[in-house]
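Report on one structure; see the data block that follows.
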Amino acid sequence: MNETTTEDAAPILQGLWEYVKAGQEDVLCSPYLPASCAFLTHVLLCAPFLVLDALGSVCQRIRSWRIAAGSGPPPSLRRWFKCFLRVLYKYTCAVLPATAFFQSLRSPKLPELAPSCWQLCVEVTACCLLFDTFFFIWHYTMHRTPRLYRSIHQEHHQHHVPFALAAQDASSAELLSLLLLALSSAWLTGCHPLSEVLFHLLNSWLAVEGHCGYNLPLALHRFLPCVGGAPHHQAHHSLQSCNYAPYFTHWDHLFGTYRPLVPPSRGK
């Protein structure tokens, strides 16, 4: 992306960038930052859905939002905790050291200026579209290659009815590959660090929302038809032969792998 000039930089973004950068360059350039932030962000974004799962046992309205309402109660606190420990272990033992090595190969120099609002929007959109493409190709390949599926992806599909925290409950190899795809998307677009942070936040939120198991009234897919959301990904976990893209639906439509979620029969 083009270098931002002083006139182009939005005052609010410039002030935010200077505040973040002040005395924190060592932290921002740390090779351990991406994996650490990815894990912490994922856990924090999952917290509201933990509350929903807890309230679902006593609130009919919340239960009505559950996509797989006929497949049993929401996941228990014990299941959430066991999932948390699995994800923490894999991040600590595999993802953190591997991504630290990857980050050490990147330039640690931080720009002086913040991006313009237009540059921020363009770069985040470009990162999302590029990551969605990479993910679709990799996801499709894992499902269509039995050896890759068994050794890398099958662990994630232990969750036939996913829940928010399960978005990161996968093998170490899969977690690492997806984080590297996200980092590579930002690297290939040459985006500003602020744009990269916003992309990773949006990426984490869409992954959590896609696995949450709730068709919420204010979910993004209700306002943007190009986004699949939780119903789109629930169909993937149920059928395992469709809806390979993580967020958008255009690649699945183009390759004939799109399937809408069919609600379970209430007569059963």
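The values are calculated or read from the model by the stated rules, or taken from the named source; none is laboratory data. Because the structure is predicted, anything quoted here is derived from the model rather than measured. With ideal geometry, Cβ positions are generated from the backbone for all residues, glycine too; neighbour counts draw on all protein chains shown.
Data for the structure
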{"item": "Some residue of the range 99-120 being at pLDDT 90 or above, within 16 Å of the chain's Cα centre (by Cα) and in a helix (DSSP H, G or I)", "result": "no"}
{"item": "Hey, Asp132 more than 18 Å from Cys242 (Cβ to Cβ), in contact (Cβ under 8 Å) with a residue 60 or more places away in the chain and either touching a strand residue (DSSP E or B) at 6+ places or on another chain (Cβ under 6 Å) or of a type in the set (D, E, K, R) (or both) or not", "result": "no"}
{"item": "Close pairs (9 angstrom Cβ cut-off, 6 or more residues apart or separate chains): farther than 16 Å from Leu202 by Cβ in the range 30-57, aromatic (Phe, Trp, Tyr) and surrounded by fewer than 21 Cβ atoms within 10 Å (Cβ to Cβ) anywhere", "result": "Pro31/Phe101; Pro31/Phe102; Val43/Phe84; Leu50/Trp80; Leu52/Trp65; Asp53/Trp80; Gly56/Trp65"}
{"item": "Meets criteria (surrounded by fewer than 18 Cβ atoms within 10 Å (Cβ to Cβ) and in contact (Cβ under 8 Å) with a residue 60 or more places away in the chain) for Ser204", "result": "no"}
{"item": "For Pro231: the one exception among (1) under 24 Å from Ser76 (Cα atoms); (2) of a type outside the set (Gly, Ala, Ser); (3) touching a strand residue (DSSP E or B) at 6+ places or on another chain (Cβ under 8 Å)", "result": "(3)"}
{"item": "Hits in the range 97-132 (condition: more than 23 Å from Leu194 (Cβ to Cβ) and out of contact with any Pro (no Cβ under 9 Å at 6 or more places or on another chain))", "result": "Pro97, Ala98"}
{"item": "Unmet criterion (only one of (1) more than 30 Å from Arg79 (Cβ to Cβ); (2) at pLDDT 95 or above; (3) surrounded by 15 or more Cβ atoms within 10 Å (Cβ to Cβ)) for Ile137", "result": "(3)"}
{"item": "Residue within the range 70-77 that is modelled with pLDDT of 80 or more, more than 30 Å from Ala235 (Cα to Cα) and assigned to a helix (DSSP H, G or I) present", "result": "no"}
{"item": "Residues satisfying the stated conditions in the range 220-245, i.e. under 23 Å from His157 (Cβ atoms) and of a type in the set (A, V, I, L, M, F, W, C)", "result": "Val227, Ala230, Ala235, Leu239, Cys242, Ala245"}
